[in-house]
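Student: Let me begin by handing over the structure; questions about it come next.
Laboratory data are not the source of any read-out in this text; all were calculated from the coordinates shown. No experiment lies behind these values; they were computed from the predicted model shown. Glycine gets a Cβ as well: all are built from the backbone with ideal geometry, and neighbour counts include every protein chain shown.
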Amino acid sequence: MKGFRFTYLVCIGLALVMCFGNVAIAKKIKIAMVTDVGGVNDQSFNQSAWEGLQRAQKDFSIKVSYKESRQDADYAPNMETLTDAGFDLIWGIGFLMGDAIKETAQINPDQKYAIIDFSYGKDTPKNVVGVVFQEEQPSFLVGYIAGKLTKANKVGFVGGIKFPLIEKFEYGYMAGVKMANPNCKILSQYAESFTDAAKGKAIANNMYQQGADIVFHASGGVGDGVIEAAKEKGKWAIGVDKDQNFLAPDNVLTSAMKRVDNAIYDMARKLKDGQWNGGDTVVYSLSNDGVGIAPTSGKHVPANVLAEVDKLTQKIKKGDIVVPATKTEFDKFKF
Amino acid sequence: MTLDAAALKKKFLSGSIGLTLISIFLGFALGAIVLLAAGFNPLEAYWVILKGIFSRPKYVSYVIIYATPLIITGLSVAFALRTGLFNIGAEGQYIVGAIVAAAAGYFFKLPLILHVIVAVGLAIIAAALWGGLAGYIKARFGVHEVISTIMLNWIALYLSNFVVTLQAFGKQGTGKTYAIQSTARINLLSDWKISEAGIEFIRSHKMLGDVLKSPINVGFIFAILLAVLVWYVLNKTTLGYELRAVGFNPHAAEAGGINVKRSMVVSMLFAGGLAGAAGAFQVLGVSHRIAKLAAMEGYGFDGIAVSLIGNNTGAGSVFAGLLFGALKYGGSKIQDAMQAPTEVISIMIGIIILFVAMPNLIRLILTIKANRASN
């Protein structure tokens, strides 16, 4: 009997806690995100997204949360779980969630959703916003820096999985290298993974042995290995998504930043101000500071090269240079 | 009367079901300690999990959806284990089944029910051959099935990733294949759900509408039928008798006139086919396409745990699969509700499985020892 009474009390206690808990936060705006299988600590864009949400939490006093996915089949149920939890806006981080978000959004037309790296174009449901980045632009700029600074006339690119999204990094980078240094050779390889750091290290080591002295990666967690290889061999690596200089301050030359955090922060502000606009796609580029090169670039890149990069940035913003994002565009690109 | 009850209780606790239930309880208890150590209130966490499983009809339906592939891969592992083979390859066989089902579902244009039968049938055949290959090279060349199936898992994974890149099959820019035709789907009312009438219905009918929000499909019914089939084949047929005899003691079985090599191949064919069916139902009922995999998804590996928890039987796999599905689905909810990192959930689930598997592991070790001694 005693045991029973105790359980009873615990239940009442829990129920009370839940009731009051709900009352206290009822008025706040709530935003949550679903990560892809990389998880929230991936040193890359999931983490960047979460940082953006945390910043929004601090500045706008909203409530934020996240839910990690462990397999493809988790995306839709994770969306559903957060929908039930009563969040005002639910983010899907990564284009792999494209189908899951669309399907969930169609069944729950009163719930707001947004997705990073995916555009539904004309078919965007009224309760969804797509957010895409012009990754080829910062890749072009870091490529230009690599082309200018290589002493071996040979640079490398390590990609994650060969998705068109990652090819935007690859061709943007290649165009930048060729623009700076038409005779420079470019080694390019995909790791077929976004998580296997050991593989990234092996590929980068191989490139350094073949004579490359700068390697740019667009490969999420694989890049940790690339940067480690640069550190051990005393060569240069170029980071991606975030400013990755902190991972190896003497060996990360610069980073092609993709400000997922800014995009998410921006959206939180719009939601708070009542400017949320469903059924649309937002494009982030150099022009609205959605992408760029790392602020720490000045540490290793000479001022005259950075000045040239600034000029190129202006040209890209004006539309005088349209950076190639695919193989076809790259082949047609005039240097 | 009281004496009888006590005797009954003792019998129950020392029986396999009793041992399993004790293990589950112990697992939850230790999981609570881990949660406490990580700074989370275990009572609250378990309450969140319970609510996350039972508080809405939709959640129950999601648990069933999560459990379906695990039940079937559990059956696959269980079937092979009964013949003394450790089918670590359920993962790869699952992937092969998924590839074939997705391809048959997309490329063929067939009428409603026939399309499903063809897609599932082809998936089962392909995965059976994939599994049977491991059985064959064990029987023919003596290559241990654990080694060969692990290798075959990786081949299946990269084969799957390669197939997704093919122009005709993979949808450019999505990292996924084209969705299967609607005739190949085993979902209930999937088109109607997103029509205006459907959305209206979901809004106005709380219970039913809620269930409809999950991708409900008939895969679970097939999983139960397959469990019955496994039970029937193993316990009621000559073939099953032979397979089990080989599992108990291959030398005695051979002396008794059973073709041990043939049994190995047949057992792996069956096991492969089952895991392939799991992949097929997952594609036809839930994902509708296959995606590039950054890593193994673990349906086959979870099947090993399900089989162990279920005592390598058909019915056991169904219940263990449901438990596993519930923990996988409900367990993840402590993340968004309490901000507990997934690692804690994984540790918790791992401990439960460890305890659940312990009596059987011990039993397994004992049987192997007994077999060695008798040899």
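Student: Kyte-Doolittle cut-off 0.5, length cut-off 27 Å along the helix's own axis using Cα: show which whole DSSP H helices in chain A pass.
Tutor: Those that clear 27 Å and a mean of 0.5 are A:2-25.
Student: For A:K122, list the aspartates and glutamates whose Cα falls under 13 Å from its own Cα; do not include residues on the same chain fewer than 8 positions away.
Tutor: Correct list for A:K122: A:D280.
Student: Sticking with this one: Given labels modelled 7 Å from the Cα in the Cβ direction, how far is it in nm from B:W154 to B:N235?
Tutor: About 4.0 nm separates the two model spin labels.
Student: Quick one: which of A:K102/B:K58; A:K102/A:K201; A:K63/B:K171; A:K102/B:K109 span more than 29 angstrom between C-alpha atoms? Don't skip to the answer; put the middle values down first.
Tutor: Working: A:K102/B:K58 19 Å; A:K102/A:K201 37 Å; A:K63/B:K171 37 Å; A:K102/B:K109 25 Å.
Checking Cα-Cα distances, A:K102/A:K201; A:K63/B:K171 exceed 29 Å.
Student: Could you work out the mean count of beta carbons from other protein chains within 10 Å of each residue's beta carbon in B:17-29? Present the calculation step by step, with values, prior to reporting the outcome.
Tutor: Values: counts 0, 0, 0, 0, 0, 0, 0, 0, 0, 0, 0, 0, 0.
Across B:17-29, the average partner-chain Cβ count within 10 Å equals 0.
Student: Which three semi-axes in whole Å describe the equivalent ellipsoid of chain A, each the square root of 5 times a Cα gyration tensor eigenvalue, listed largest first?
Tutor: 41, 22, 17
Student: Between A:A85 and A:R55, what length comes free when the chain is fully extended (0.36 nm per residue of separation minus the Cα-Cα distance, one decimal in nm)?
Tutor: 8.6 nm
Student: Still on this structure: 7 Å from Cα along Cα→Cβ at both A:V322 and B:E254: what's the point-to-point distance in nm?
Tutor: Roughly 7.2 nm, to one decimal.
Student: Which residues in the range A:139-174 have a backbone N closer than 17 Å to a point placed 7 Å from the Cα of B:K171 along the Cα-to-Cβ line?
Tutor: Within reach of a label on B:K171, which here means backbone N under 17 Å from a point 7 Å along Cα→Cβ, the range A:139-174 contributes A:163-165.
Student: Which of the lysines could a cross-linker span from A:K299 if the Cα-Cα distance has to be under 23 Å and same-chain partners fewer than 8 positions apart are dropped?
Tutor: Answer for A:K299, where 23 Å is the Cα cut-off: A:K148, A:K151, A:K154, A:K231, A:K233, A:K235, A:K242, A:K258, A:K311, listed by chain and number.
Student: Charges at C-beta only: +1 for Lys and Arg, -1 for Asp and Glu. How large is the resulting dipole of the protein assembly as shown about its Cα centre, in Debye rounded to 20?
Tutor: 760 debye
Student: Further question: So what are the radius of gyration and Dmax for the Cα set of the range B:41-339, in Å?
Tutor: Every Cα atom of the range B:41-339 included, Rg and Dmax give 20.0, 68 Å.
Student: Positive end of the charge dipole of the range B:41-339 (Lys, Arg +1 and Asp, Glu -1 on Cβ, about the Cα centre): tell me which of B:N235, B:N312, B:I180 has its Cα farthest that way.
Tutor: B:I180
Student: Just counting partner chain Cβ atoms within 10 Å, what average do the residues of peptide A:63-73 show around their Cβ?
Tutor: Details: counts 0, 1, 5, 3, 6, 7, 2, 8, 10, 12, 10.
Per residue, the number of nearby Cβ atoms from other chains is 6 on average.
Student: Right, another one. Taking chain A as a Gaussian network, where each spring joins two C-alpha atoms under 10 Å apart, which residue of A:E135, A:E228, A:E170 fluctuates the most?
Tutor: Greatest mean-square fluctuation among the candidates belongs to A:E228.
Student: Let me ask something else about it. Based on DSSP H runs of at least 4 residues, each adding -39500 (n - 2.57), what is the mean residue ellipticity at 222 nm of the protein assembly as shown after dividing by all its residues, to the nearest 500 deg cm²/dmol?
Tutor: That comes out to -20500 deg cm²/dmol.
Student: Write down the Å³ per residue value for the convex hull defined by the alpha carbon atoms of the protein assembly as shown.
Tutor: Each residue corresponds to 197 Å³ of Cα convex hull volume.
Student: Residue separation times 0.36 nm, minus the C-alpha to C-alpha distance between B:L26 and B:K109: what's the value?
Tutor: Working: separation 83, 0.36 × 83 = 29.88 nm, distance 5.16 nm.
Value of the extension gain: 24.7 nm.
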